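The values are calculated or read from the model by the stated rules, or taken from the named source; none is laboratory data. Just so we're clear, the structure is a prediction, and the values are computed from it rather than from any experiment. Using ideal geometry, Cβ is built from the backbone for each residue, glycine included, and neighbour counts are taken over all protein chains shown.
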Amino acid sequence: MSAQALPFARLVARMANLMVGLPDYDSYVEHRRLNHPDQPVMSREAFFRERQEARYSGKVGRCC
């Protein structure tokens, strides 16, 4: 794969994962390091489990 195609391929893979509901761990890590540098970052496995639990636990995050 050419050097120019690699960033595009990563973008396509990221978009495909988000469309099927797979969380983006790399964005999570970047966000934590920029906005919460004093707090630990979950492992990829822990992050995936937490996101699955949040999505499928049946709890509704509404105020009413």
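Among residues of region 25-48 that are more than 19 Å from Leu11 (Cα to Cα), those with a Cβ under 6 angstrom from a residue that is at pLDDT 95 or above and in a loop (DSSP other than H, G, I, E, B), sequence gap 6+ or separate chain, pair up as Arg32/Val41.
Before we move on, is Asp26 of a type in the set (Asp, Glu) and either surrounded by fewer than 10 Cβ atoms within 10 Å (Cβ to Cβ) or more than 16 Å from the chain's Cα centre (by Cα) (or both)? No.
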